[in-house]
Amino acid sequence: MNYRHHFHAGNFADVFKHVLLLELLRGLQKKEKPFLYLDTHAGRGRYDLETAARGDSLERKPEWPDGIGRLVATDEPLTPLLADYVERIRTFDRNQGNVADELRFYPGSPHIARSLVRAQDRLALCEKHPAESAALRAEFQFTDRCSVHEMDGYVALRAMLPPPERRALVLIDPPFEAQDEFAQIVEGLRGGLQRFPSGVFAIWYPLTSRAKIDAFYDELIALKPPPTLAVEIAIAGENSPLKMRGCGLAVINPPWRFDEAVKPSLESLARLLAQGPGADFNLAWAVPE
């Protein structure tokens, strides 16, 4: 596997994604009815930031100090959503046995979801890479109402939808190793939406080429999906030398007033996570309500 997520764990993209994930989960929990949380590219679930700090043969710097590290260190008052996110990260870190002031362990999306789901909700975690899937299975082996599947997450969109609960939040967060990853996402969504058009689908993507993102949304809109919100954060402007200057989340069927709920936190994140001129955020309806 070329993608080594532990070097990216806790970076600005993880902060953005996990803050929005918390609000999506809360939105679904406004109703008592149970739901399925389906993670199509779940990873190993837990990441050791100390290992990331040592780098590898490529001498890559860890990215978490400019992500979660900034939120932990800031003296700026945080929004309730950001404060809750930071406290969940600290709690997870302490629960792994870290007694130092500096963070060591960072949770992946499965643990973020696990920290919030209720007794009636269910987790289905998919990871096709054998070593990562084995680590994920060990991480969640004692978690009630949770199943781990060594399988292609795009296949899971057909195999696991619609769920018995008739409600679901599906997180699609691929590593973007493949050149045709956007095409795979669209094809996966085609099947997922046909089988379960009322589901909430959240698709993470990197901001590298604007043309690629625009083409992705053109293909997504061509599927004629339900209301779809585009949420993006940029830590630097268009002329930045950064390889990834931002990221986004396309949310199909977002919970009611989700955009209003996350806007104050996005304003704070654009400021706290900035790495160059032009840092900003954007909320726009790709498919209006």
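The values are calculated or read from the model by the stated rules, or taken from the named source; none is laboratory data. Since the structure is predicted, the reported quantities are computational estimates derived from the model, not experimental observations. Counting neighbours? That spans all protein chains shown, and the Cβs are built from the backbone with ideal geometry, glycine included. Side chains included, ligands, DNA and RNA excluded: accessible areas come from the protein's heavy atoms. Shrake-Rupley method; radii C 1.70, N 1.55, O 1.52, S 1.80 Å.
Filtering R210, R257, R195, R271 for residues that are out of contact with any Cys (no Cβ under 7 Å at 6 or more places or on another chain), at pLDDT below 95 and either open to solvent by 10 Å² or more (accessible area, probe 1.4 Å) or closer than 27 Å to G69 by Cβ (or both) leaves a single hit, R210.
Residue-level check: of (1) open to solvent by less than 40 Å² (accessible area, probe 1.4 Å); (2) more than 30 Å from P197 (Cα to Cα); (3) not small (G, A, S), V287 misses just (2). Only residues that are touching a helix residue (DSSP H, G or I) at 6+ places or on another chain (Cβ under 8 Å), in a helix (DSSP H, G or I) and open to solvent by less than 20 Å² (accessible area, probe 1.4 Å) were counted in segment 213-236, giving 2. Among residues belonging to segment 58-94 that are within 25 Å of K243 (Cβ to Cβ) and acidic (D, E), point out the one that is farthest from the chain's Cα centre (by Cα). In this case the residue turns out to be E59. The residues of segment 64-93 that are exposed (fewer than 14 other Cβ atoms within 10 Å of the Cβ) and under 19 Å from V117 (Cβ atoms), listed by number, are E87, T91.
G188 passes every criterion in (1) free of Cβ contacts under 8 Å to residues at least 60 places away in the same chain; (2) under 15 Å from Y154 (Cα atoms); (3) not in a strand (DSSP E or B) apart from (1).
Here is the figure for segment 106-150: residues that are surrounded by fewer than 23 Cβ atoms within 10 Å (Cβ to Cβ) and touching a Lys or Arg at 6+ places or on another chain (Cβ under 6 Å) total 6. The numbered conditions (1) free of Cβ contacts under 8 Å to residues at least 60 places away in the same chain; (2) part of a loop (DSSP other than H, G, I, E, B); (3) more than 30 Å from A183 (Cβ to Cβ) are all true for A138 except (2).
Identify the residue in segment 151-177 that is over 19 Å from K17 (Cβ atoms) and of a type in the set (D, E) and, among all such residues, is least open to solvent (accessible area, probe 1.4 Å). That would be E165. All but one of (1) surrounded by fewer than 24 Cβ atoms within 10 Å (Cβ to Cβ); (2) at pLDDT 95 or above hold for N11; which doesn't? Single failed check for N11: (1).
Considering only residues of segment 14-35 that are within 13 Å of P110 (Cβ to Cβ) and aliphatic (A, V, I, L, M), which is surrounded by the fewest Cβ atoms within 10 Å (Cβ to Cβ)? This residue is L25. Once segment 16-74 is narrowed to residues that are of a type in the set (K, R) and outside any loop (DSSP other than H, G, I, E, B), the residue that is modelled with the lowest pLDDT is R46. Is at least one residue of segment 217-229 at pLDDT 95 or above and within 25 Å of D66 (Cα to Cα)? Scanning segment 217-229 turns up no residue that is at pLDDT 95 or above and within 25 Å of D66 (Cα to Cα). Is at least one residue of segment 263-286 basic (K, R), touching a strand residue (DSSP E or B) at 6+ places or on another chain (Cβ under 7 Å) and not in a helix (DSSP H, G or I)? Checking segment 263-286: not a single residue is basic (K, R), touching a strand residue (DSSP E or B) at 6+ places or on another chain (Cβ under 7 Å) and not in a helix (DSSP H, G or I).
Within segment 238-254, being open to solvent by 20 Å² or more (accessible area, probe 1.4 Å) and hydrophobic (A, V, I, L, M, F, W, C) holds for L242, M244. Taking (1) farther than 19 Å from F12 by Cβ; (2) modelled with pLDDT of 95 or more; (3) in a loop (DSSP other than H, G, I, E, B) in turn, V99 satisfies each apart from (2).
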